Amino acid sequence: MIDIENQVFDAVYPFIEPLVAEGGFVSEFVPKPASFPHAYLCEIDNNPDARTADSGEREWSSIVAYESQIYAMSKSECRQIQQAMDDAMVRLMGFTKLQGQFAPNLADRSIYRMVARYQRGVTRNGDMYKPR
């Protein structure tokens, strides 16, 4: 498995950290964050790119997908943090944004939640490319 989760999180961190409370940007799901706003970014899919497979079935590249979840007390605060996430994921690292929308926060309807998903190809050397 090609693993770039730490590199992605570290690249996004400077964009999100000023907008959330200390410890409010995490890579593991927290069902009840201690404070808001709160942001979560996690790799949700990692599939070998069949176009680069060889007869030895070595994994030369993968198509990875990430999901962000933003929690805040207002829609505008959610949007501001989501914009920073997009700046890091799309503009800095070249991911393609697959979707992004407000989603019901079933745990507490007074807290806004925004969910987005991103996709990018990555080689075993860490080079990124646009998957087809």
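Of the residues that sit in region 89-108 and are of a type outside the set (A, V, I, L, M, F, W, C) and out of contact with any Lys or Arg (no Cβ under 6 Å at 6 or more places or on another chain), which one is modelled with the lowest pLDDT? Only one residue tops the list, namely Asp108.
Here Ala39 meets the list (1) out of contact with any Gly (no Cβ under 9 Å at 6 or more places or on another chain); (2) surrounded by 19 or more Cβ atoms within 10 Å (Cβ to Cβ) almost entirely, failing just condition (1). Of Ser68, Ser61, Ser55, Ser110, all but one fail to be farther than 22 Å from Pro14 by Cα and in contact with a helix residue (DSSP H, G or I) (Cβ under 8 Å, 6 or more places away or on another chain); the exception is Ser61.
Whether a residue is closer than 19 Å to Ser110 by Cβ and surrounded by 12 or more Cβ atoms within 10 Å (Cβ to Cβ) was assessed, and Ala72 passes this test. Please tell me if Ile111 is surrounded by 15 or more Cβ atoms within 10 Å (Cβ to Cβ), modelled with pLDDT of 95 or more, more than 26 Å from Ser61 (Cβ to Cβ) and not charged (D, E, K, R). Judged against the criteria, Ile111 is not a match.
The values are calculated or read from the model by the stated rules, or taken from the named source; none is laboratory data. Here the structure is a predicted model, which is why all the values come from computation and not from measurement. Every residue, glycine among them, receives a Cβ derived from its backbone with ideal geometry; neighbour counts consider all protein chains shown.
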